[in-house]
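Chemist: The structure is given below, and queries will be raised subsequently.
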Amino acid sequence: MQNKFRRRRRGAPNDRDDSLRPELRDLPDAEDGPIRGDTSDSPEIGDAQSRDRVPDSDSTQILLTIQKKYGSDLVEQVLNNFFMESPRRFSSMREAVSEKNYEKLTRVAHTYKGSCKILGIRHMAEFCEEMEELAEGNALEGAEALLKKMEAEFQRVKTEIEAGPWR
């Protein structure tokens, strides 16, 4: 039996079987970039100041699509799960860093990256990918600082999402 959850090679086309998750078939792909407006004048994503000014419009669009198609209750459930699970993920990553458990750190960062991408939270997904790459390279220099950035970004995103029309 083929493993449907195998890790995709970087740069490989997305070959997931969307028929397994029909409720997500019509959602925009967060990797396609911003959904609203022209961002050619926007600051770079990696720019720390830009995170304070540029909202994750992908997450807003994805959540509005879910709300329109499935109702506010599902959006509320998805967000509650994400908000409850995030601190656990941070704790697991912090534990893996202190134990120098590269495999655990890779696994947790990769899983959390997927959650962030599904919700269109690009900045968080990028931080997770960075953490995953550190762990895969058996190098933890800067991992604590990156984890602090992730937690701060989570708080910013949580505030932004909680102010959305689905609440």
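The values are calculated or read from the model by the stated rules, or taken from the named source; none is laboratory data. Just so it is clear, the model here is predicted, and its values are computed rather than measured. When we count neighbours, we look across all protein chains shown, and the Cβ atoms used for this are built from the backbone with ideal geometry, even at glycine.
Chemist: Between Ser92, Ser57, Ser86, which is surrounded by 14 or more Cβ atoms within 10 Å (Cβ to Cβ), of a type outside the set (Val, Ile, Thr) and at pLDDT below 90?
Modeler: Answer to the selection: Ser57.
Chemist: If you scan the stretch 61-101, which residues turn out to be within 22 Å of Gly137 (Cα to Cα) and touching a Leu at 6+ places or on another chain (Cβ under 8 Å)?
Modeler: Phe90, Met93, Arg94, Ala96, Val97, Lys100, listed by residue number.
Chemist: Just to be sure I understand the filter: pairs with C-beta atoms under 7 Å, separated by 6 or more residues or on different chains, first member in the stretch 101-118 and surrounded by fewer than 18 Cβ atoms within 10 Å (Cβ to Cβ), second member part of a loop (DSSP other than H, G, I, E, B). Which pairs pass?
Modeler: Pairs that qualify, where the first residue is surrounded by fewer than 18 Cβ atoms within 10 Å (Cβ to Cβ) and the partner is part of a loop (DSSP other than H, G, I, E, B), are Tyr102/Asn138.
Chemist: Residues in the stretch 93-132 that are in a helix (DSSP H, G or I), charged (D, E, K, R) and either farther than 25 Å from Ser59 by Cβ or more than 15 Å from the chain's Cα centre (by Cα) (or both): how many?
Modeler: 5
Chemist: Something else: Under the condition of being small (Gly, Ala, Ser) and assigned to a helix (DSSP H, G or I), which residue from the stretch 142-167 is surrounded by the most Cβ atoms within 10 Å (Cβ to Cβ)?
Modeler: Restricting to residues being small (Gly, Ala, Ser) and assigned to a helix (DSSP H, G or I), the top hit is Ala143.
Chemist: Within the stretch 58-100, can you find the residues that are free of Cβ contacts under 8 Å to residues at least 24 places away in the same chain and polar (S, T, N, Q)?
Modeler: Within the stretch 58-100, Gln77, Asn80, Asn81, Ser91, Ser92, Ser98 qualify.
Chemist: Of all residues in the stretch 137-167, count the ones that are at pLDDT below 95, over 18 Å from Asn81 (Cβ atoms) and acidic (Asp, Glu).
Modeler: 2
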